[in-house]
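The values are calculated or read from the model by the stated rules, or taken from the named source; none is laboratory data. Computed from a predicted structure; not experimentally measured. Don't worry about glycine lacking a Cβ; one is built from the backbone with ideal geometry, like all the others, and counts go over all protein chains shown. Accessible surface areas use protein heavy atoms only, side chains included; no ligands, DNA or RNA. Shrake-Rupley method; radii C 1.70, N 1.55, O 1.52, S 1.80 Å.
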Amino acid sequence: MRIRSHSIKTVIAAAVALAFAGPAFAGSISGVIKFDGTAPERKVLSVNKDKKVCGKNPITEDSLVVKDGGVSWAVVSIKDAKGGKWSKAMKKATVDQNGCFYDPRITVMKAGTKLIVKNSDKILHNIHTHPGKSGNKVANIAQPKFKKKLKMSKRYFKKPGIVKITCDVHDWMVGYVVAAKHPFYAVTGDGGKFKIENVPDGSYTIEIWHEKLGTKTMKVDVKGDVTVTATLALAK
Ligand SMILES: [Cu+2]
């Protein structure tokens, strides 16, 4: 009897030891990107082309969207991260042209993969890329009304960085595609909220980018799930 009870204790002790000695516990970085200043008014743009389709819903000027003090469409990433697991949305990134704007405004994709561009509008659009510092090849591709789905070559998104996309037919259409080297990315939603998941414990530098508010970095120590708050402001 004594021996038996001893061995059960040993088994429990071994199980507990295993649980703690397992792979590094993966947590998350979540938080809010706040705006320092007075929230700008969200202007409704006048639509002067393809009014039947583009005028269906109001088109707003979305280069700086602030709600409840938080900034939408900011890109948060871990600098120089390695490994990680790509989501389906990043491996098969899709942008839709629906109501003459890009949905979503910002798309994060695995660098060196194809970008799927949908045309739900059934009118002519044109995908014009502006690679900026990323140094990728420029694309300028017409997407006629019958072309519901366009697969853009991976060569346009080969190098990691931010590629701006515009439409030469509708000059208000602006979007961004982030060609990412690793999957530790998030884009802020309503109220500036974001979450980067599956982050192993460690010390990191996170980078926050916003098309109007620029770039900011900050140090974050991750142990399990951590929450951070950053504030961005317009340059003076
Ligand atoms: Cu267009």
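Quick look at the values:
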item: Residues of the stretch 35-66 satisfying the condition of being exposed (fewer than 15 other Cβ atoms within 10 Å of the Cβ), away from the ligand (no atom under 16 Å from the Cβ) and more than 24 Å from Val117 (Cα to Cα); result: Asp36, Gly37, Thr38, Ala39, Pro40, Glu41, Arg42, Lys43, Val44
item: Any hit, the stretch 153-161, residues being assigned by TED's automatic domain parsing to the domain that holds Lys114 and hydrophobic (A, V, I, L, M, F, W, C); result: yes
item: Lone qualifier among Lys118, Lys145 - being in contact with an Asp or Glu (Cβ under 8 Å, 6 or more places away or on another chain) and assigned to a strand (DSSP E or B); result: Lys118
item: Lone qualifier among Lys154, Lys158, Lys195, Lys148 - being in contact (Cβ under 8 Å) with a residue 60 or more places away in the chain and either open to solvent by 50 Å² or more (accessible area, probe 1.4 Å) or among the aromatic types (Phe, Trp, Tyr) (or both); result: Lys195
item: Qualifying strands (runs of 3 or more DSSP E) (wholly inside the stretch 151-232; at least 1 residues being on the phi > 0 side of the Ramachandran plot); result: 161-166, 193-200, 202-210, 214-222
item: Total residues in the stretch 125-145, condition surrounded by fewer than 17 Cβ atoms within 10 Å (Cβ to Cβ), within 15 Å of the ligand (Cβ to nearest atom) and among the aliphatic types (A, V, I, L, M); result: 2
item: Long-range neighbours under 6 Å by Cβ, at least six apart or interchain, first residue in contact (Cβ under 8 Å) with a residue 60 or more places away in the chain within the stretch 119-138, second within 16 Å of the ligand (Cβ to nearest atom); result: Asp121/Val53; Asp121/Gln97; Lys122/Lys145; Ile123/Asp50; Ile123/Val53; Ile123/Lys145
item: Filter pass, Thr107 being surrounded by 17 or more Cβ atoms within 10 Å (Cβ to Cβ), more than 24 Å from Asp190 (Cα to Cα) and not assigned by TED's automatic domain parsing to the domain that holds Glu211; result: no
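Here is a yes/no grid of residues against (1) assigned by TED's automatic domain parsing to the domain that holds Gly191; (2) free of Cβ contacts under 8 Å to residues at least 24 places away in the same chain; (3) within 29 Å of Lys151 (Cβ to Cβ):
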{"site": "Gly31", "(1), (2), (3)": "yes, no, no"}
{"site": "Val44", "(1), (2), (3)": "yes, yes, no"}
{"site": "Lys56", "(1), (2), (3)": "no, no, yes"}
{"site": "Ser72", "(1), (2), (3)": "yes, no, yes"}
{"site": "Lys79", "(1), (2), (3)": "yes, no, no"}
